[in-house]
1. For the structure I just gave you, tell me whether V123 is exposed (fewer than 13 other Cβ atoms within 10 Å of the Cβ), of a type in the set (A, V, I, L, M) and under 19 Å from L70 (Cβ atoms).
2. In the stretch 27-38, how many are over 20 Å from T128 (Cβ atoms), assigned to a strand (DSSP E or B) and not charged (D, E, K, R)?
3. Regarding the stretch 99-120, can at least one residue be identified that is modelled with pLDDT of 90 or more and part of a helix (DSSP H, G or I)?
4. In this structure, does K14 turn out to be among the basic types (K, R), within 27 Å of V116 (Cβ to Cβ) and modelled with pLDDT under 85?
Amino acid sequence: MQFRDFSLLVRDTKVRGFAEGLERGELRASRCVGCGAVHFPPRSDCPTCWSGEFTWEPITGTGRLITYTLIKVPPRHFAPDLTQRAPFSTYVYAPTAVGLVEMEDGLRVMGWVCGVAAQNLHVGMALTPKPEVLDDGRATIVLKSEGC
Ligand SMILES: [Zn+2]
């Protein structure tokens, strides 16, 4: 089960700059030109002043895990290739964690947790959100531990 098979499909929206940042290895928040509010995930229109103009600001540093969930039966794009297994065999999936970290400035970033076994996950642990570009050119967000 790999996070590498999942991607965000936002290329054809007003938040295209977000996808372009991911492809360059940069995680970005949107800053409203009208009122200065910062949003992540980026918004296509500001919920405060309704401006549709934004600048992009990189999200850097380490956040603290505030919640997570374990996916025990992954969606198809996370599932291993089962065509190679023997008839009547069973396959036990390793749980995959999806977490939410809070950055120092209060922004919250959700992503696939990388490098931490499910039994070692705990609220408050430090994780660094980073974009990952997949083999097919799409991108996703990963929350990396120091060992990842
Ligand atoms: Zn605004």
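The values are calculated or read from the model by the stated rules, or taken from the named source; none is laboratory data. Treat the numbers as computed from the prediction; the structure is a model and nothing was measured. FYI the Cβ positions are ideal-geometry reconstructions off the backbone, even for glycines, and counts take in every protein chain you see.
1. Yes: the conditions hold for V123.
2. Counting residues in the stretch 27-38 that are over 20 Å from T128 (Cβ atoms), assigned to a strand (DSSP E or B) and not charged (D, E, K, R) gives 2.
3. yes
4. Against the criterion (among the basic types (K, R), within 27 Å of V116 (Cβ to Cβ) and modelled with pLDDT under 85), K14 does not qualify.
Residues checked against (1) at pLDDT 95 or above; (2) over 18 Å from T140 (Cβ atoms):
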residue: R43; (1), (2): no, yes
residue: C49; (1), (2): yes, yes
residue: F54; (1), (2): no, yes
residue: G63; (1), (2): yes, no
residue: Y68; (1), (2): yes, no
residue: K72; (1), (2): no, yes
residue: P75; (1), (2): no, no
residue: A79; (1), (2): no, no
